[in-house]
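The values are calculated or read from the model by the stated rules, or taken from the named source; none is laboratory data. Since the model is a prediction, treat every value here as computed from it, not as a measurement.
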Amino acid sequence: MADSRNLPPEVVAALKAGNRIEAMRLLRERMGVGLAEARMHVQAHESPAASPADVGNDRMRARAPARAAPARMTPPGYVKRDGLSPGEVPRTGGGAQAMIVVIAILIALWAYAKIG
């Protein structure tokens, strides 16, 4: 691991010019470190009191706790019915309607037999 106090002069010059991305690119080329490690070294160099390991740990500690998923919006008047797929319309009163039709046909047949 590269020591952030012993950075190559090109990296230090890029940091003094305010070009952090160029400094990280140069650090990766010169020292053969990964992107995350180069970023930690650049951050540690900008705040000399912290070592690269401290910078990474502070970032992990400062991370906000995971937020709960946002509540789903349901349309007004929506009623959840168990056993139905989303978008499926519940069947309503099919048995009672069939019974009324059968009774009407029987009455019509009885009236036809009585008159005819």
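Out of region 15-30, which residues are hydrophobic (A, V, I, L, M, F, W, C) and under 36 Å from the mean Cα position of the chain (by Cα)? Reasoning before the result, please.
So the first thing to find is which residues in region 15-30 are hydrophobic (A, V, I, L, M, F, W, C), and the list is 15, 17, 21, 23-24, 26-27.
Once the filter is applied, which keeps residues that are hydrophobic (A, V, I, L, M, F, W, C) and under 36 Å from the mean Cα position of the chain (by Cα), region 15-30 yields 15, 21, 23, 24, 26, 27.
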Restricting attention to helices (runs of 4 or more DSSP H) lying wholly within region 8-77, give those where 1 or more residues are at pLDDT 85 or above.
-> 9-16, 20-31, 35-46
